[in-house]
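Read the structure below first, then the notes.
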Amino acid sequence: MSDDLVDVYETDTLADAQLLAARLEEEGIDSFIDNTDSPFDGLTAMQQQKIVRVLPNAESQARQVVQVFVQERNSSTSENE
């Protein structure tokens, strides 16, 4: 099934992926987080990427939601510095 999905966002943290997935759901977009249960999380020096994916027919709308999400995350990060 993951071959039928489109990657719309990649992050190092599960929390960010879950926040975006919740935002997509609010907009009526089904999303899927890949690599949430990797057996290597925390056991290797490399971060395991979390990938948020959507169905191809929702890609355009999802990318708009992602764009707003990223802008909000960046503005809140710069306010905290």
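Read-outs: derived from the displayed coordinates by stated rules, not from any lab. Quantities reported herein were computed from a predicted structural model and do not represent experimental measurements. Methodologically, a virtual Cβ is constructed for each residue, glycine included, from the backbone with ideal geometry; neighbour enumeration extends over all protein chains shown.
Summary of values
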{"item": "Computed FRET value (nearest 0.05) for residue 48 with residue 26, which takes r as the C-beta separation and R₀ as 30 Å", "result": "0.70"}
{"item": "Neighbourhood charge, 12 Å Cβ-Cβ cut-off, centred on residue 51 and excluding it, Lys, Arg +1 and Asp, Glu -1", "result": "-3"}
{"item": "Neighbour-count order for 53, 73, 23, fewest beta carbons within 10 angstrom listed first", "result": "73, 23, 53"}
